[in-house]
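Reading through the structure tokens given below for one structure.
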């Protein structure tokens, strides 16, 4: 399984990469939405971890782009700003899962299991 992590926090990217490696999941990461567009044009992952607040825009606004161009990719929204409105909007726009930061490995593994089984 291939995963793309879109997050501007290096620590989150390294943590998720390490956790996913334990599940034999190949992960790469980018730090901006524009870099995500480039990465997606070369390889479409099964799962995308998408932060909401990125230097060049909101992840919420990127969900439609992903769902339109890569409809088979599952989206796990990850954000430190967990509001009911953002959670509902993300799920309405097509996110498959919503995770609040900080998270632990059990939360990540549970989300992966939910989306791959």
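Coordinate-derived values only; no laboratory data. This is a predicted model, so every value here is computed, not measured. So basically every Cβ, Gly included, is an ideal-geometry build from the backbone, and we count neighbours across all protein chains shown.
Please count how many residues of segment 17-46 are under 22 Å from residue 107 (Cα atoms), assigned to a helix (DSSP H, G or I) and out of contact with any helix residue (DSSP H, G or I) (no Cβ under 9 Å at 6 or more places or on another chain). Adding up the residues that qualify gives 3. Exactly one residue out of 62, 49 is surrounded by 19 or more Cβ atoms within 10 Å (Cβ to Cβ) and in a strand (DSSP E or B), and it is 49. If the condition is being within 11 Å of residue 47 (Cβ to Cβ), touching a residue at least 24 places away in the same chain (Cβ under 8 Å) and in a loop (DSSP other than H, G, I, E, B), then segment 71-117 contributes 72, 73. None of 6, 78 is within 18 Å of residue 98 (Cβ to Cβ) and out of contact with any helix residue (DSSP H, G or I) (no Cβ under 6 Å at 6 or more places or on another chain) except 78.
Residues in segment 3-35 that are touching a residue at least 60 places away in the same chain (Cβ under 8 Å) and closer than 16 Å to residue 61 by Cα: 7 alone.
Within segment 41-77, no residue satisfies the criterion of being over 27 Å from residue 23 (Cα atoms) and under 9 Å from the mean Cα position of the chain (by Cα).
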